[in-house]
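Report on the structure given below.
Nothing in this text is a laboratory measurement; each read-out follows from the coordinates by a stated rule. The model shown is predicted, which means the values in this text are computed figures rather than measured ones. Please note: Cβ atoms are built from the backbone with ideal geometry, for glycine as well, and neighbour counts cover all protein chains shown.
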Amino acid sequence: MRGNWKIRILIGLAIVAFAFFKKCANTEENPYTGKDQAISLSTEEEIRIGLQSAPQMAAEYGGMYPDQNAQALVDLVGNKLVQNSVARDTPYQYEFHLLADSNTVNAFALPGGQIFITYALYSQLENEDQLAGVLGHEIGHVLGRHSAERIANSEFWKTISTGASVGADAGGLVAGIGQNVLLGNGREDELESDDLGVRFMIKAGYEPREMIRVMEILKAASGPNRAPEFKSTHPDPDNRIQKIEESIQKYGG
């Protein structure tokens, strides 16, 4: 029994060591943000995943909104942001989709440049600048490679959890730690995307303070029963507003 226990410890340590080696081997600097990231996907794979997933995501939100004039405005604003920012120099294929869902206030980006906004959110925006704030934030997620980074981090913590389970029956504890780390990383991604969105808005000639109004709209839509920040991948809207104001000052908006 003692021999089996030692073997389990060695195997568990080997699995953990492999996870750390793989993460270090995959760490690279994002040329657009300067941030060091552990990413296992190439940009080509990100683009392919986004293109393959886009039809399913659209179907989950009721398909595309049928008003072509509204879709044209989304395309206009999104492309203006791309063409007037560093996003233009990335290999990603930016496409903007207005979804038919009139109940779910949401916007999101898939890896590689597929960006979505629901009609429920679009209909609450008061001007083109606010739309630019939403789309600029989502472009920031693509350029920041946040989805690819979260995929790699999830794989890392899954492997660590497996090693802990084999070596010391501590997989559940490690998995819980990993989940908290991923939540924290998710909040940092949101703040980075807000910062990038402000920069993109200013470069494209939009009023960056309208992003603050977007935060107020999102806060109102979440209602009084919003989950505490420590349980959410999104920072509290009030904290985001403070950071957005700092970004506006930083970029001279």
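In terms of Cα to Cα distance under 17 Å, which aspartates and glutamates are near enough to K243, apart from those fewer than 8 places away along the same chain? Within reach: E138, E188, D189, E190, E192, D194, D195, E207, E210, E216, E229. Between Q56 and N79, the simple label model (points 7 Å from Cα in the Cβ direction) yields a spacing of 2.9 nm.
In plain terms, the chain from T43 to E216 could stretch by 58.9 nm, reckoned as 0.36 nm per residue minus the Cα-Cα distance. Length available on full extension from K250 to A72: 0.36 nm per residue minus the Cα-Cα distance, which gives 60.9 nm. Summing Lys and Arg as +1 and Asp and Glu as -1 over all other residues whose Cβ lies under 11 Å from the Cβ of Y119 gives a net charge of -2.
Other residues lying with their Cβ under 14 Å from the Cβ of V198 contribute a combined charge of -3, Lys and Arg counting +1, Asp and Glu -1. Legend: calculated FRET efficiency, N30 to A100, from the Cβ-Cβ distance at R0 = 35 Å, rounded to 0.05, equals 0.55.
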